[in-house]
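Colleague: Got a structure here, written out as structure tokens. Questions coming.
The values are calculated or read from the model by the stated rules, or taken from the named source; none is laboratory data. Only a predicted model underlies this, so the values are computations on that prediction, with no experimental measurement involved. Here the Cβ positions follow ideal geometry from the backbone for every residue, glycine too, while neighbour counts run over all protein chains shown. Heads up: the accessible areas ignore ligands, DNA and RNA and are worked out on the full protein's heavy atoms, side chains in. Shrake-Rupley method; radii C 1.70, N 1.55, O 1.52, S 1.80 Å.
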Amino acid sequence: MVKVKWSKWELHFAIILIILVFIIYGIDTIIFGEPAEIFHYVMLHLGFIPIDILIVALVAENMIERNEKKQIQDKIDMMMGIFFNEIGYGLLSRIYKIDESDDIVRALKSISTWSDDDFKKHLEEMENKPKTLHPTITNDEMVLFFEDLKEFLNANREFVLEIISNPTLHNRDNFSQLMLSIMHLMEELDFRDDISKSPETDLKHLFGDVNRIYSKLLYEWIRYLASIKKHYPYMLNLAIRTNPFDEDANVILTE
């Protein structure tokens, strides 16, 4: 059974309409009584008008709005799943490998045991304090990292452009910013024909762009897992078995 949640104004509106029903029937009884069946018939139908408005304006509208929100959420979950399978996990695993571990990363290793409250708590923490990237590699390793990242992003350029142009995901502000950040890094790397010639200051600038992506990407991944945990638990199982923060994660079931 669908539960309809009314706001205060909707409740007041419903009460007014119900009162109108009694007023109309009262007038009909006082004025016409038994005779004048044609007028009684007219008044009888007038009495149903407020009820029709109540059903259409409040109950039906609430049900339609809930169904539309669910359809949008289903599309978002599907697109988010495609995004992480195509490019998200690749970015997470590449950046995670060069990052100094901290509390949030250590917690992500055991995300399979998180409750709904755990998801909510970590999302709130990341909203208040976005993840900061702390590279643990040398300058020479940085060059190799960016060369690999450039190749990976260019191989997925068409997919990134398709995601950016998808109107469904425009409902997620943080995700839209994430995709723009990814696009910006792609452009930055494209303008550098030979990254090995980039000085340390330029590499640090690029790491600033990577940090922006990493923080938003982590947040979106956690939010995506929280959503599928609630609506599609079977999809969460696969996400856990491909957890890029868990070195022991294995997509192949052995037990």
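Colleague: Cβ contacts < 8 Å: first residue under 16 Å from LEU11 (Cα atoms), restricted to the range 40-58; second residue modelled with pLDDT of 75 or more and exposed (fewer than 14 other Cβ atoms within 10 Å of the Cβ), any location; separation 6+ or different chain. Result?
Modeller: PRO50/ILE18; LEU54/ILE18
Colleague: State all residues of the range 143-181 that are part of a helix (DSSP H, G or I), open to solvent by less than 80 Å² (accessible area, probe 1.4 Å) and more than 16 Å from GLY90 (Cβ to Cβ); if no residue qualifies, say none.
Modeller: Result: VAL143, ILE164, THR168, LEU169, ASN174, PHE175, SER176.
Colleague: Look at the range 90-110 and say how many of its residues are part of a loop (DSSP other than H, G, I, E, B) and either farther than 11 Å from PHE245 by Cβ or under 22 Å from the mean Cα position of the chain (by Cα) (or both).
Modeller: 5
Colleague: Could you check the range 122-136 and list, in sequence order, the residues that are surrounded by 13 or more Cβ atoms within 10 Å (Cβ to Cβ) and not in a loop (DSSP other than H, G, I, E, B)?
Modeller: Across the range 122-136, the qualifying residues are HIS122, LEU123, GLU125, MET126, PRO135.
Colleague: Show the residue pairs that are 6+ apart or on different chains and have beta-carbon atoms under 9 Å apart, the first residue being within the range 183-207 and among the aromatic types (Phe, Trp, Tyr), the second being outside any helix (DSSP H, G or I) and surrounded by 17 or more Cβ atoms within 10 Å (Cβ to Cβ).
Modeller: PHE207/LEU133; PHE207/PRO135
Conditions tested, residue by residue: (1) open to solvent by less than 30 Å² (accessible area, probe 1.4 Å); (2) not charged (D, E, K, R).
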position	(1), (2)
ASP77	yes, no
ILE82	no, yes
GLY90	yes, yes
VAL105	yes, yes
PHE119	yes, yes
GLU141	no, no
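Colleague: Here are some conditions: (1) in contact (Cβ under 8 Å) with a residue 60 or more places away in the chain; (2) farther than 18 Å from PHE207 by Cα. MET142 meets all but one. Which one does it not meet?
Modeller: Of everything listed in (1) in contact (Cβ under 8 Å) with a residue 60 or more places away in the chain; (2) farther than 18 Å from PHE207 by Cα, MET142 misses just condition (2).
Colleague: Ok, one more. Might you let me know whether the range 206-225 holds any residue that is out of contact with any Leu (no Cβ under 8 Å at 6 or more places or on another chain), open to solvent by less than 40 Å² (accessible area, probe 1.4 Å), assigned to a helix (DSSP H, G or I) and farther than 20 Å from LEU92 by Cβ?
Modeller: Looking through the range 206-225, none of the residues is out of contact with any Leu (no Cβ under 8 Å at 6 or more places or on another chain), open to solvent by less than 40 Å² (accessible area, probe 1.4 Å), assigned to a helix (DSSP H, G or I) and farther than 20 Å from LEU92 by Cβ.
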